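Okay, structure first, notes after.
The values are calculated or read from the model by the stated rules, or taken from the named source; none is laboratory data. All of these numbers come straight from a predicted model, not from anything done at the bench. Here the Cβ positions follow ideal geometry from the backbone for every residue, glycine too, while neighbour counts run over all protein chains shown. SASA here: full protein model, heavy atoms, side chains in, ligands and nucleic acids out. Shrake-Rupley method; radii C 1.70, N 1.55, O 1.52, S 1.80 Å.
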Amino acid sequence: MDDIRKKAKELLENKTVQVVIGYGKGSGEEARAIFVRDAAKTDQLIFDETCLQNLAVYILKHEVKHLGKIAIVATSSVLRSIMILASEQQLKDGDLVVLGITSDGKYIDLPNFKAIEDYLATLNVSITDKEKELLKMIDAMTMEERWAWWQNEFSKCFKCYACRSACPMCYCPKCTTDSNQPQWIPVASHQLGNMEWHLMRAMHLAGRCINCGECAKACPMDIPLNLLTYKMIDEMNANFGVTVGMKPDAVFALSTFKNEDKENFIR
Amino acid sequence: MEIEKKLLKKASLEKLFEKLKADGKKMYAPVKKDKLVNFALVDTFGEICDDYILTVKSAKSVAFPKIEKIVDYEHSKNSSKAIDIDVSNFPEVVLWGVRPCDAVGFDSLDAIFTWDYKDNIYLARLEKTSIISFSCFKSDNNCFCTSVNGNPGGTKGSDILLTKISNGDYLVEIITEKGKQIIAKAPELFEAAPTEEKDKNLTNVPIKFNVKDITENSAKFFENDLWVEQSLRCIGCGACAFVCPTCACFDIQDESAGKNGTRLRLWDSCCFSLFTMHTSGHNPREVQSQRWRQRIMHKFSYMPERLNVVGCIGCGRCSRACPVDMNISEHLINLAEEVKK
Amino acid sequence: MSEKFEPKVVAFVCNWCTYAGADLTGTSRIKYAPNVKIIRFPCTGRIDFMLLMKAFANGADGIIVSGCHPNDCHYSTGNFHARRRWMVFKSMLEFMGVDTRRIVFSWVSAAEGAKWAQLVNTSVEEFRKLGSYDAYKQVAKLNIEKEVFNG
Amino acid sequence: MSEKNLYLPYSMIIEKVTEEAPFVKTFRLKFENEKEANNFSFKTGQFGEYSVFGEGESTFCIASSPTKKGYIECTFRQAGRVTTALSNLEEGNTIGFRGPYGNIFPIDDWKGKSLLFIAGGIALPPMRSVIWNCLDLRENFKDVTIIYGARSVADLVYKQELRDWEERPDVKMVTTVDPGGETPDWNGEVGFVPTILEKTAPSSKDTIAIVCGPPIMIKYTFPVLEKLGFSDDNIYTTLENRMKCGFGKCGRCNVGKVFVCKDGPVFTLTQLKQLPAEY
């Protein structure tokens, strides 16, 4: 942690960056995102097991970008998000300074995208056992049970869009759900509107989601939304052999194809 | 009307519930489902949860639901007509287990929905609602009702307020005519008021700031770096507004099925960029700091000035629901300090 | 005795192969089930998944999606891209408990008039057996009082 | 409950459709129900919510003058979902209308004064209501000057009325188009509205200026007016913001503590200067 603080201080002092996005003490038990712009305040930066938020969501935020060049404290989720943003041409190598951090708080020097790619290759990024368990639970259900289970979950939704706002991959300036010509998704938070919204969200994240779980964490109604996107990660792996968010120049699995792609479901 | 006090024995609480239920009213009470406590329709007393500080969502939806029909219509190429909705068949509802802060919240909603133009749909729903509140015996760091003129045992907004006293019985305060009518359904359950003081059974919510510092000096705030500073980590979702008992901003949308359709009123949030976006693409509140400012100023400046009521009741729900720890009381303390500079 | 249930079927087809194939079915005077309403797209690659959901929301009991055989796409690769998306979409729907037996994917070329007739006939028969898609129709129906008291 | 449903629109029949300019149309609307028609009244400057069922509602000012009885008119540009649906409608179709809402141009206070109307593009409609209102009460006012500009000749709205005003001896009418927007037979001015205003140089003595136009035009017009000696109290304009309800509930049109739907849409420059820059 001291390394991170020292590095952040240095970057701010020599004006390499104008803001360091990192974790600071929150009002409750969990740490919160802080934006350090003053070298003297870098000791506010912390890192421990309560630092959970995927900070990559701030990289493209208008007012944060407006502050100047960014340095970001980057857990593996942040790094993978950066890889996706890079592969989707939202970030160029050198646009930001990455202060890599291991899960136990050690600083890793990651000067460029190549270094991030190499570092990520050493990590085990498959979904966790707990996540696998949940998927298994739902997979074991009958179709009717799954329908009822999800409808019950969706019925809690009131469309605050915290799932969308918290997601670093949801950076579209105009979301499909905000489009009213045509009105793709009903604005109202009724059963159909909720289901279509969550289906659309999951589909638009298929092959892009890196499994940071922010959507479910952000949901004030505790809907396990990340299950939908975990499922997609599983699919990507199984069908296309792709692990998302490992390379800065990866091709989006759904904008490419192979001649031999499975088609046993097609008559 | 003067508040009348009675005693309700612990064992009689369920009987009161049964009586009201038997009277044909829809009972709407806090229920714990999948770890969250929220208001829901209940059939039996046993479903009700009593161990909670506050429900995740507020009680406002009973009069201002997330989806509300405001007009029906029929439309075809050559003829279209709007059809008024029938507010007289809204159900009679008892809102059970409301916290005093939520009850005060209806005052803020009233102020908005009756500002010159009286919203008959909201008023009809509220008129059919009886509010039975329970004083708070628990609170957490997010609570700040006492800083916005509230009180964990406040009677304002409720029809009946129950406060659990040391032996487990309830001190009953009958606040309104509606409350009286409820008591009249089961007069045999009520006894002479206990002598025990109410206040010592309430949780202590420390005063965090002086709300007048903010409401009376709001002109100083509009142009202030504070807003950007506070809202940098805000991600612009609507969680705060949707759980808020006093947020009343809404959207209007049409939904059709064939020739028939419904015009709906839906919850909306000033934190969404689309909220104020013109068709031309021009947006008067273009960035999140402006939208965050709007949220705070609306509650602590515009509403006090225009409607004579503070638009916040200090429940702290927004702080609990916020995915990025935007803590409202912390920001209000900042504002109050800013005045002293 | 109520009338025999007839499923409402929507077919999303590409302009160049399946639509032409369906046309051939007609000009060849091959009869097939009248339950299907055909919606023509420039290419299967254009068939957004939300369109299928809209069909269900508007009362469809079954859906047929069809386009050119692999390597026959008028735009070279549209159907290959579509195939990947269908794969993912189908598993997403299954995961959410949507009845994917009600969505039939197929390749029908401009020369396969008979295949089109057979595809529609067998699909309609399957959909008829599955009955009305009430689970979805329930969700698609606006139930205001229920939503009001859903907190 | 004796209160009426605030959201229930009147049924209005489209009596006449006028194509004003590309994508701009005027509807003349008549109440379907005679009783409603008789009870209805409005004053110049007010607006309403027009709806196409199934699409939604859209906010425009009432573009006709209260002195013209028996109908109201609205002029809109096809831009979003509702206006697109509106522009697909034909004479004889029905639409919904709620209103009138908002405050008014205080034309009674302007008695005995000269009037200067300055409008740009599609902002003539709100102005047209007050222009006709004043012209129909012409004896109440001294000089009347109208300066109107649009991007091109084709974009000028109310072309017939522009000619009518031009021909009236008691109106000084100046029409202009942006440089490059003129046609070979154009005999009006060429130049931006603020420039033409400066060139026309109307007297500010006992004169009320009413300005409506796109933000950029307004921004450059105010300094010219000030140079001409207009005081802030004598300059009027209308604000527009996104609205849903029209009567101060839905919470999106406010500029600071001021609600455009209730306190506006008409503001003097004095009032405008007290508002935060959030519109």
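Observations
- Residue tally, condition buried (at least 23 other Cβ atoms within 10 Å of the Cβ) and under 14 Å from D:LYS172 (Cα atoms), over region D:194-206: 1
- Count of region C:56-75 residues which are open to solvent by 10 Å² or more (accessible area, probe 1.4 Å) and either at pLDDT 95 or above or not charged (D, E, K, R) (or both): 9
- Any chance D:ASN140 is in contact (Cβ under 8 Å) with a residue 12 or more places away in the chain and outside the structural domain of D:PRO214 (by TED's automatic domain parsing): no
- Candidates D:TYR50, D:TYR71 - the one that is open to solvent by 10 Å² or more (accessible area, probe 1.4 Å) and in contact with a strand residue (DSSP E or B) (Cβ under 7 Å, 6 or more places away or on another chain): D:TYR71
- Every residue from region A:210-239 that is open to solvent by 20 Å² or more (accessible area, probe 1.4 Å), more than 8 Å from every other protein chain (Cβ to nearest Cβ) and in a loop (DSSP other than H, G, I, E, B): A:ASN211, A:CYS212, A:PRO224
- Residues of region D:245-254 that turn out to be in contact with a Phe, Trp or Tyr (Cβ under 7 Å, 6 or more places away or on another chain) and at the interface with chain B (Cβ under 7 Å from one of its Cβ atoms), as a count: 6
Per-residue answers, yes or no, for (1) touching an Asp or Glu at 6+ places or on another chain (Cβ under 8 Å); (2) assigned to a loop (DSSP other than H, G, I, E, B):
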| position | (1), (2) |
| --- | --- |
| D:ASN38 | no, no |
| D:THR75 | yes, no |
| D:VAL82 | yes, no |
| D:GLU91 | yes, yes |
| D:GLY99 | yes, no |
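- When B:SER273, B:SER269 are checked against the criterion of being at the interface with chain A (Cβ under 9 Å from one of its Cβ atoms), open to solvent by less than 10 Å² (accessible area, probe 1.4 Å) and not aliphatic (A, V, I, L, M), a single residue qualifies: B:SER269.
- Filter result for B:VAL211 (facing another protein chain (nearest Cβ under 9 Å), β-branched (Val, Ile, Thr) and touching a helix residue (DSSP H, G or I) at 6+ places or on another chain (Cβ under 6 Å)): no
- Apart from one condition, D:GLY112 fits all of (1) open to solvent by 60 Å² or more (accessible area, probe 1.4 Å); (2) more than 21 Å from D:LEU124 (Cβ to Cβ); (3) not aliphatic (A, V, I, L, M); the exception is (1).
- The residues of region D:258-279 that are basic (Lys, Arg) and either assigned to a helix (DSSP H, G or I) or surrounded by fewer than 20 Cβ atoms within 10 Å (Cβ to Cβ) (or both) amount to a single one, D:LYS273.
- In region A:1-27, the residues that are closer than 23 Å to A:HIS62 by Cβ form Cβ pairs under 6 Å with partners that are aromatic (Phe, Trp, Tyr) and part of a helix (DSSP H, G or I), at six or more places apart or across chains, as follows: A:ILE21/A:TYR58.
- Near pairs, Cβ below 8 angstrom, 6+ apart or cross-chain, from region C:70-95 (closer than 19 Å to A:ALA253 by Cα and more than 8 Å from every other protein chain (Cβ to nearest Cβ)) to any residue that is in a helix (DSSP H, G or I) and of a type in the set (Lys, Arg): C:GLY78/C:ARG46
- Residues of region D:36-47 classified as touching a residue at least 60 places away in the same chain (Cβ under 8 Å) and open to solvent by 40 Å² or more (accessible area, probe 1.4 Å), total: 1
- Test for B:ILE70: is it assigned to a loop (DSSP other than H, G, I, E, B), more than 20 Å from B:GLY157 (Cα to Cα), within 10 Å of chain D (Cβ to nearest Cβ) and touching a Lys or Arg at 6+ places or on another chain (Cβ under 7 Å): no
- Residue in region D:208-215 that is assigned to a helix (DSSP H, G or I), modelled with pLDDT under 90 and open to solvent by 20 Å² or more (accessible area, probe 1.4 Å) present: yes
- For beta carbons closer than 6 Å, sequence separation of 6+ or different chains, a first residue in region B:5-34 that is closer than 21 Å to B:ALA63 by Cα and a second that is among the acidic types (Asp, Glu), the qualifying pairs are B:LYS25/B:GLU92; B:VAL31/B:GLU47.
- Residue match in region A:176-194 (condition: within 21 Å of A:THR243 (Cβ to Cβ) and either among the hydroxyl-bearing types (Ser, Thr, Tyr) or in contact with a Cys (Cβ under 6 Å, 6 or more places away or on another chain) (or both)): no
- Single unsatisfied condition, D:CYS61 versus (1) under 16 Å from D:PRO126 (Cα atoms); (2) open to solvent by less than 10 Å² (accessible area, probe 1.4 Å); (3) of a type in the set (A, V, I, L, M, F, W, C): (2)
- Residue ranges of helices (runs of 4 or more DSSP H) in region A:22-136 with at least 1 members open to solvent by less than 60 Å² (accessible area, probe 1.4 Å) and either more than 11 Å from every other protein chain (Cβ to nearest Cβ) or closer than 28 Å to A:LYS231 by Cα (or both): A:76-87, A:113-121
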